[in-house]
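*Asks:* Would you mind keeping the following structure in view while I ask a few things?
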Amino acid sequence: MEFALIITEVVMPTDLNLNPVNWNTLVAVAEVALLVHILVDIKRNRSDMRQRQRSERLQFYAYFWNRFDRLLDDFPLRVFEPDFTLDEAEDKEALMVNMRSYFNLCAQEYFMYRQGVIEEEIWHNWEVGLIHCMKLPAFREAYFKLNAMSAYREFHDWLSTKVDMDSPSVEADGVPVESIRS
């Protein structure tokens with residue numbers, strides 16, 4: 001019995017003067033603490049999300065850069081020279097397959113740019129390279145032989161605003177007619 005009195009005195013001391021709990025204040029303090037915790041989590045999540053998006057964007061670009069690099073590796077060395085023609089290719093069929101892959105890649109880049117997936121600065125660099133390539137006889141000839149304009153109509157319509165796409169016009173001496181539009 002003595003043990004029970006000691007326990008009762010420890011658990012519920014009789015000499016303490018406890019005031020009633022103000023539950024509204026306690027709830028308000030808990031709500032503020034919860035709100036601070038939520039705001040800290042939101043900030044941390046935003047930072048993590050930005051890092052993840054940046055990482056995904058870099059992986060996305062790396063994927064296209066790798067595809068483009070593989071295409072470049074498979075092109076003949078002289079393909080970017082103004083006097084190179086498709087007839088000079090050792091393996092014309094392989095070159096045409098690579099040209100189709102190049103135009104397909106360009107169309108994909110264009111569509112992703114239009115959807116806002118590709119940033120303006122990156123698209124601008126791609127656009128400059130594409131327009132340069134379309135000035136070269138081998139690329140123009142391949143574009144028309146592959147009938148690429150029918151497969152990528154919206155891309156072709158856009159490209160037609162940048163380059164004269166009526167025909168693969170070549171002057172008598174084999175040098176391409178300047179057909180870039182301002």
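*Asks:* Could you tell me the center-to-center distance, by alpha carbons, between segment 129-156 and segment 101-128 in angstrom?
*Replies:* Here the two parts' Cα centres lie 15 Å apart.
*Asks:* Need the full-extension length gain, L34 to I131, defined as separation in residues times 0.36 nm minus the C-alpha distance. One decimal, nm.
*Replies:* So the chain would gain 29.3 nm between L34 and I131.
*Asks:* Please identify every one of the GluC sites (Glu not before Pro) in segment 71-155 that sits in a loop by DSSP and has no more than 12 other beta carbons within 10 Å of its own beta carbon.
*Replies:* Sparse-neighbourhood loop GluC sites (Glu not before Pro): E90, E119.
*Asks:* Rg (Å, one decimal) plus Dmax (Å, integer) for the alpha carbons of segment 21-68?
*Replies:* In order Rg, Dmax, the Cα atoms of segment 21-68 give 20.6, 70 Å.
*Asks:* Could you check the spin-label model distance between M96 and R114? Points 7 Å from the Cα along Cα→Cβ, value in nm.
*Replies:* The two pseudo-label positions are separated by 2.7 nm.
Since every read-out is calculated from the coordinates, none of them should be taken as a lab result. Quick caveat: nothing in here was measured; it's all calculated off a predicted structure. Note: ideal-geometry Cβ built from the backbone for every residue, glycine included; neighbour counts use all protein chains shown.
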